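Below is one structure; the comments refer to it alone.
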Amino acid sequence: MFGIIIKNSTIIDGSGKDGFAADIGISNDRIVKIGRIEESGRQVIDANGLVASPGFVDCHSHSDYYLIINPLAESKIRQGVTTEIGGNCGYSSAPLSGEALEERKNAYKKAYNLEHDWRDAKGYFNRLVTQGISLNFALLIGHNTIRASVIGGGSSEPKEKEMAQMKEMVQQAMTEGAIGISTGLAYGPACFAKKEELIELCKEARKSNGIFTVHMRSEGRGLLEAIDESILIARGAEIPLQISHLKTYGEENWEKLDSAFELIEKAMADGLDVACDRYPYTAANTGLHNVLPNWVLDGGIKKELERLKDKATREKIKNELQQAKKDIWDKIMISEVITEKNKIYEGKRVLEAASIAKKEPIDFVFDILIEDEIAVDAIFFKMSEENLKRILKKPYVMFGSDSGARADYGPLAKGRSHPRTFGTFPRVLGRYVREEKILDLPTAIKKMTSAPCKKFNIKERGLIKEGYFADIVIFNPDTIADTATYEEPHKYPAGIEYVIVNGKLTVEKAKHLGIMAGRVITL
């Protein structure tokens, strides 16, 4: 007897091939039969009129801590995501040590009352396994995290002993099951690192067949130079490259897209294993403090706050911002704060919020960063819809939400998160496949399933295939859509009917059943 039988569905198996009619038989955690099934099953799902595909893989996730705060991973599971790649943009839950560990402990204790009781990847994985999670999770080692652990938040180059310590942290984490290394070169302290530092660390990850993912040093003015740098690092380390959330940020940079494609495609033609990911929205989401010049970030949060509080330094920062970022305050929305007094600004553009506070926009930004100890998130409306479509169509671009798993209740419902948190994958299938027709359904499904599994070296997932793990999403191709908006982001999508993770029915008729069948994925 099968554990689950899916009958009467159209199977789009993740290979890129057209759909076909067949039943799917599942026993334990595996797909054991595809075809006509006459036998009985403990659970039978009638999927008439629906599509069965492999569970979606969010190849650019930030759920490291959110999975501990709420292991049900509601916003991801309910949009069909069964596997996440975490630790992106250089920010990972492990490994951690020194002041960086204490800072992280204090931040998550204060914001979520979370007990940070691990230091290394093994300890973090054990925490996930002990409590259980609803989806599968793989971890990248955050370069920013290990640099802060060893050197601190400053701009100094690592000494020989410090470099050896960072390399040892990468080695240990890879041995414990991490799948690669990520960096966030737009953020401190990685923004102070030279490419030679990255090459050495990437070489350590490569020894264990790891991958290198990069939030590039620039996605706007220095976009092309940043792509060149990323390619040079990957070549120097002989490691596969994943360029995170490929974009042309700022209208003055939209015309650079063709040149960006040329650089990537030339590297591919020259033999480099390179791919990209992107979320299907034209607004970015990151910390508000990233509008500040890099030198302000030197030394970490304490030093940053000191500079913002110092009158002379504050004037210097203000002058630089006025020269470099003249008309940005109506394009930035405050999405999440920590202090109760500043919650009135969530969902408002900086220009409007500053008016309410009766301050100049720059002074408002400085003050809210001080009051909330830098922990202010913002959404930046700076991208082109036409460029987005062109990026999504590229065969080497897959999909990532660039967000952590949240919910519409509890501590993870705070603030105004980016709508990509709840809607990325249904938005692709509803808007860009069914309505815009820039991709056909089998191609889009492949980009969500087998393509990221192949890129990130995830075995026996990403296809509906006999012998593979039973990670399956069943959806209505006529109704699937994102419903989250920037104004109301905590809304689950339409059209996702069932989700199965490792053979366990986890979502039934769009409702999470509370099942936690997810696993930690290691190399």
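Pick the calculated P(r) over Cα pairs in 20 Å bins from 0, in percent for this structure from [x] 23, 58, 18, 1; [y] 18, 44, 31, 6, 1, 0; [z] 21, 55, 23, 1?
[x]
Go through segment 4-106 and name the GluC sites (Glu not before Pro) that are in a DSSP coil and have 16 or fewer other Cβ atoms within 10 Å of their Cβ.
Sparse-neighbourhood loop GluC sites (Glu not before Pro): Glu38, Glu39.
Could you tell me the distance between the Cα centroids of segment 75-101 and segment 5-70, to the nearest Å?
Cα centroid of segment 75-101 versus Cα centroid of segment 5-70: 25 Å apart.
Could you tell me which trypsin sites (Lys or Arg not before Pro) in segment 20-60 are loop residues by DSSP with no more than 11 other beta carbons within 10 angstrom of their beta carbon?
Answer by residue number: Arg36.
Quick one: of the DSSP bridges fully inside the chain, what percent are antiparallel, nearest 5?
Roughly 55 percent of the beta bridges in the chain run antiparallel, per DSSP.
Order Lys394, Lys76 by their accessible area, 1.4 angstrom probe, all chains in place, largest first. Don't skip to the end; give the middle numbers.
On the way: Lys394 50, Lys76 0 Å².
Per-residue accessible area, sorted high to low, gives Lys394, Lys76.
Using only the alpha-carbon atoms, how far is helix 98-112 inclined from the longest principal axis of the chain? Give it as 0 to 90 degrees, nearest 10.
Result, in degrees: 70.
Can you list the HN-Hα couplings for segment 48-62, worked out from phi with the Karplus curve (6.51, -1.76, 1.60; θ = phi - 60°), rounded to whole Hz and with x for Gly and Pro?
4, x, 10, 9, 9, 9, x, x, 6, 10, 8, 7, 9, 10, 10
Of Ile133, Gln79, Ile458, which is farthest towards the positive pole of the chain's charge dipole, taken about the Cα centre with +1 and -1 on the beta-carbons of Lys, Arg and Asp, Glu respectively?
Ile133
Roughly how many Å is it from the Cα centre of segment 446-523 to that of segment 341-398, as a whole number?
30
Among rounded, prolate and oblate, which fits segment 102-181 when a ≥ b ≥ c are the square roots of the eigenvalues of its C-alpha gyration tensor, a/c under 1.5 means rounded, and a/b larger than b/c means prolate? Could the numbers behind the result be given before it?
Details: a/c = 2.59, a/b = 1.38, b/c = 1.88.
In terms of gyration-tensor shape, oblate.
Taking Cα atoms, how many degrees apart are the long axis of helix 121-131 and the longest axis of the chain, rounded to 10 and kept between 0 and 90?
50
Using Cα centres only, tell me the gap between segment 270-337 and segment 197-254 in whole Å.
A separation of 19 Å, based on Cα centres.
Evaluate segment 404-500: find the radius of gyration of its Cα atoms, find its Kirkwood radius, and give the ratio Rg to Rh.
1.00
What ³J(HN,Hα) values, in whole Hz, does the Karplus curve 6.51 cos²θ - 1.76 cosθ + 1.60 give for segment 381-396 when θ = phi - 60°, with x put for Gly and Pro?
Each residue of segment 381-396 in turn: 9, 9, 10, 9, 5, 5, 5, 4, 4, 5, 5, 4, 6, 5, x, 9 Hz.
Can you return the lysines within cross-link range of Lys309? Criterion is Cα-Cα under 23 Å, with same-chain partners fewer than 8 residues away left out.
Lys110, Lys318, Lys325, Lys326, Lys341, Lys343, Lys358, Lys359
Which shape class applies to segment 348-388: rounded if a/c is under 1.5, otherwise prolate when a/b exceeds b/c and oblate if not, where a ≥ b ≥ c are the square roots of the Cα gyration tensor eigenvalues?
Details: a/c = 3.50, a/b = 1.81, b/c = 1.93.
Oblate, because a/c is 1.5 or more while a/b does not exceed b/c.
For the peptides 272-281, 435-444, 166-175, what is the packing order when you average, over each peptide's residues, the other Cβ atoms within 10 Å and list the highest mean first?
272-281, 166-175, 435-444
Which percent, nearest 5, of DSSP beta bridges in segment 1-124 are antiparallel?
50
Treating the angle as unsigned and between 0 and 90°, give the value, to the nearest 10°, between the Cα long axis of helix 257-269 and the longest Cα principal axis of the chain.
60
In what sequence, largest accessible area first, do Tyr124, Tyr66 appear using a 1.4 Å probe?
Heavy-atom accessible area, descending, gives Tyr66, Tyr124.
Where does each of 369-375, 153-159 land if you order them by average Cβ count within 10 Å, highest first? Working shown, then result.
Values: 369-375: 18.0, 153-159: 15.4.
For the peptides 369-375, 153-159, the packing ranking is 369-375, 153-159.
Per DSSP H run of at least 4 residues, take -39500 (n - 2.57); add these up for the chain, divide by its residues and hand me the 222 nm value, nearest 500 deg cm²/dmol.
Numbers: 18 runs with 175 residues, N = 523.
About -9500 deg cm²/dmol.
The values are calculated or read from the model by the stated rules, or taken from the named source; none is laboratory data. Everything quoted here is computed from the prediction, not taken from an experiment. Note that we place each Cβ from the backbone using ideal geometry, even for glycine, and neighbour counts take in every protein chain shown. In case anyone asks, the SASA skips ligands and DNA or RNA and just uses the protein heavy atoms, side chains included. Shrake-Rupley method; radii C 1.70, N 1.55, O 1.52, S 1.80 Å.
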